[in-house]
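Worksheet: one structure, shown below.
The values are calculated or read from the model by the stated rules, or taken from the named source; none is laboratory data. Quick caveat: nothing in here was measured; it's all calculated off a predicted structure. Using ideal geometry, Cβ is built from the backbone for each residue, glycine included, and neighbour counts are taken over all protein chains shown. To get the accessible areas, we keep the full protein, side chains included, count just its heavy atoms, and leave off ligands, DNA and RNA. Shrake-Rupley method; radii C 1.70, N 1.55, O 1.52, S 1.80 Å.
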Amino acid sequence: MPTYFISHGGGPWPWIEDMRRNFAVLEKSLAAMPDELPETPKAVLMISGHWEAGEVRVMHSDKPGMEYDYFGFPPHTYDVVYPAPGAPEIAEKVKSLLDEAGIDAVLDDTQGFDHGTFVPAYIMYPEAKVPVFQVSMLKGYDPEAHFRIGRALAPLRDEGVLIVGSGLSYHNLRRFGPQAEVPSKAFDDWLADALGQAPEKRTEALIHWEDAPYARICHAQEDHLVPLFSALGAAEDGTATRVYHEDGIFGGVTASSWRFD
């Protein structure tokens, strides 16, 4: 399996008509992902920019619930249910892999799907028959720690598990609109250049991502960038291919998604 870092859009956009039209290009890219895979995944493992903890937590429920972690949207978006099964046996394998790598991990039977997971999963697999589960980020967002998490998870790719880092290549809620145009494009260009380098140089560039142009404007808090580190860590020697790119979303944002294989 390849791995992905995807830009997942804003809030519960597939269930809001105007927003869904605005994200038509993103939707097309997410809907195309299943056809880019060698086979239907045994499970989809999501690392979302909306779940972090003091240790790595691994969703373990066989029927995960829902986390409506957005605010100010229409009432019907708080009734959305994505009924995909979990993957508790694979979750246990994840914990073993993390333990073997010296990374503290805990099985979590209560966490539900956040919108960084159920939104793209719904577009990818609307029938919700492919098992889905999540692995949390670590508080503090240390890039090297998240690369190590990805490296520990890499063997799952050979077992048919699709690893997806779900965030946004630009995420500053206070600077959407026209004021995002220059910084988001500059950062997106830097990201494309960094990901196009040889693997060892690529990893080093991303560990020092704060040296990128407008880095802290584009990611005042890097929760939506961190999933990239683990997705790439799980395919560290792979080729990076941009599978989504768009200018002018949110009124001025440039954003991209990437596949590593």
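Of all residues in region 140-162, one or more are part of a loop (DSSP other than H, G, I, E, B), within 16 Å of the chain's Cα centre (by Cα) and touching a residue at least 40 places away in the same chain (Cβ under 8 Å). Residues considered: W13, W51. Of these, the only one that is within 17 Å of A121 (Cα to Cα), open to solvent by 10 Å² or more (accessible area, probe 1.4 Å), hydrophobic (A, V, I, L, M, F, W, C) and touching a residue at least 12 places away in the same chain (Cβ under 8 Å) is W51. Restricting attention to region 199-210, the residues that are at pLDDT below 95 and either surrounded by 15 or more Cβ atoms within 10 Å (Cβ to Cβ) or of a type outside the set (D, E, K, R) (or both) total 1. Looking across region 163-196, the residues that are closer than 21 Å to S48 by Cβ and either assigned to a strand (DSSP E or B) or at pLDDT 95 or above (or both) come down to I163, V164, G165, S166, G167, S184, F187, D188, L191, L195.
The residues on offer are R157, R148, and the sole one that is closer than 17 Å to A240 by Cβ, modelled with pLDDT of 95 or more and among the basic types (K, R) is R157.
Quick check: anything in region 223-232 farther than 22 Å from P12 by Cα and open to solvent by 10 Å² or more (accessible area, probe 1.4 Å)? No, the conditions are met nowhere in region 223-232. Restricting M19, M1 to residues that are surrounded by 17 or more Cβ atoms within 10 Å (Cβ to Cβ) and either modelled with pLDDT of 95 or more or not in a loop (DSSP other than H, G, I, E, B) (or both) narrows the list to M1. Quick check: is even one residue across region 239-258 more than 18 Å from S7 (Cα to Cα), open to solvent by less than 50 Å² (accessible area, probe 1.4 Å), of a type in the set (A, V, I, L, M, F, W, C) and not in a loop (DSSP other than H, G, I, E, B)? Looking through region 239-258, none of the residues is more than 18 Å from S7 (Cα to Cα), open to solvent by less than 50 Å² (accessible area, probe 1.4 Å), of a type in the set (A, V, I, L, M, F, W, C) and not in a loop (DSSP other than H, G, I, E, B). The test for being at pLDDT 95 or above and touching an Asp or Glu at 6+ places or on another chain (Cβ under 7 Å) holds for G86.
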